[in-house]
Structure formats: C-alpha cells, structure tokens
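So the structure is just underneath, and the comments pick up after that.
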Ligand SMILES: [Fe+2]
Ligand SMILES: [Fe+2]
C-alpha cells in the first residue's frame, strides 16, 4: 500500500493521465533488466541515503514529503512574488519520482544497517529512473525534471523552471537533513562520549534545539529522553 503522505501528494496532480502514471509507478516501483525483475526496499521503510542524509528507516518518505513542501513553497514564490508561470503538476510529479529507484539500490542487513546492492555496483538510481520513465512513456518535460535533479553533477543541468525548483528543493532538503544529523551526532559525542546509533532527523532536530536553548545539560537531558522512548518502543 502506498504511504498516505505520498498518495496525498500524488492527488495534488490535476492532470488525470499524469496522476495515473505517477501513481502506477509509485504503487509498483519495479523495473526489469535482462528479464530479471528488480524492486528493492518498500518505499515506506526505506532510507533515502546511506550515510549523508535521511539514512534511517522512513527517510525516503520524509525526504520526498519535505522536498515537495519546499518545491511548492518555491512555486508560490514564482507565482506570487515574481508573477512567473510554473507547472505544479510536473513539479510535484518530478519530486515524487526523482529518487523512486533509490530503495532498489539499498539492502538491509540483519543488524539493521544499510548497504548498497550488487545492482548499485553497475547502475545508479538516476540512470534507472530515467530509463524507466522513457520506457513508460512519461512526458519529456518530466523526464527532464528527473534527469536534471542532480544539477551540475548530473547528466544534464535544469533547463526549465520546474526542473530548477525540483533540483533546488532536493538539494535544500538533503543539506538541511544531512547537516542537522551531523551536528546532532557531534553534539551527542561531545555530551556523552558516544554516538547514538540510527539517529533520525526528528531526534537530531530535538538535540540541536536543546543545545541552543539549554546548553550541554539540555543535550544530555534530550538524549536520556530519546533513549527512554526507544526502550519503550522495543517493549
Ligand atoms: Fe537523486
Ligand atoms: Fe533526492
């Protein structure tokens, strides 16, 4: 079943045909290479990165939802402040699909840590999604948005407003998430001498905030709270 937050975002796409195509791919994010079917981790439990950002269960959904909210804020800015035109349908569809095959390149081991699959040694998530979007006959404008989402480091730079928005929102969210995670990891190590395994962004934001408001004492208190919460979830 498709995660409700992803479904709600897909429902914002007004163009029926595009919405249906996006939903189909999100509900069944699989592809075939040499007759072999690949699927990977389910979208709702997958991370969206292995080390720098959203590298915890559920990170994929958080990344897509946050990137969409940043992208829609940029659409508002384009329309309301600059009186420019932007296609929201394409922007939302681009955000929803930009990393759709990342989970297909991740594997989870028994101790819960993530690694990349054998497939990922041969092909990256961007090449996978571009080829599948072309195979499924998605509009060229959407193929462009997705293929340009890595900006200067991808196969093509953004050439449309929608592609630029998708790239910037993606970058902004991954930086925001990654930097808060690394700040929280640093604060945790400094406060208690060890790291907290599998830190989520919600926990990381709490740790960083507690340092700003209550100093090191606040960090230690927040860490205790997080540990207690985790224990409670175990039982
Ligand atoms: Fe990506
Ligand atoms: Fe992304």
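The values are calculated or read from the model by the stated rules, or taken from the named source; none is laboratory data. Everything numeric here is computed off the predicted structure, so don't read it as measured data. Here Cβ is always computed from backbone atoms with ideal geometry, including for glycine, and neighbour counts include all displayed protein chains.
Examine the stretch 176-183 for a residue that is assigned to a helix (DSSP H, G or I), over 16 Å from residue 66 (Cα atoms) and either assigned by TED's automatic domain parsing to the domain that holds residue 15 or more than 14 Å from ligand 2 (Cβ to nearest atom) (or both), and state whether such a residue exists.
yes
Among the numbered criteria (1) more than 28 Å from residue 144 (Cα to Cα); (2) touching a residue at least 40 places away in the same chain (Cβ under 8 Å); (3) assigned to a helix (DSSP H, G or I), which single criterion is violated by residue 198?
Every listed condition holds for residue 198 apart from (3).
Only one residue in 145, 156 is more than 18 Å from the chain's Cα centre (by Cα), within 16 Å of ligand 1 (Cβ to nearest atom) and either closer than 22 Å to residue 124 by Cβ or crowded, with 19+ Cβ neighbours inside 10 Å (or both), so which one is that? So that I can check it myself, show each step before the final result.
Working: 145 fails: more than 18 Å from the chain's Cα centre (by Cα).
Sole residue among the options that is more than 18 Å from the chain's Cα centre (by Cα), within 16 Å of ligand 1 (Cβ to nearest atom) and either closer than 22 Å to residue 124 by Cβ or crowded, with 19+ Cβ neighbours inside 10 Å (or both): 156.
Looking at the stretch 108-123, which of the residues that are surrounded by 15 or more Cβ atoms within 10 Å (Cβ to Cβ) and more than 16 Å from residue 37 (Cβ to Cβ) is farthest from ligand 1 (Cβ to nearest atom)?
Across the stretch 108-123, the extreme among qualifying residues is 114.
Among helices (runs of 4 or more DSSP H) lying entirely in the stretch 69-154, which contain 1 or more residues that are away from ligand 2 (no atom under 14 Å from the Cβ), under 23 Å from residue 13 (Cα atoms) and in contact with a helix residue (DSSP H, G or I) (Cβ under 6 Å, 6 or more places away or on another chain)?
88-97, 125-135, 140-147
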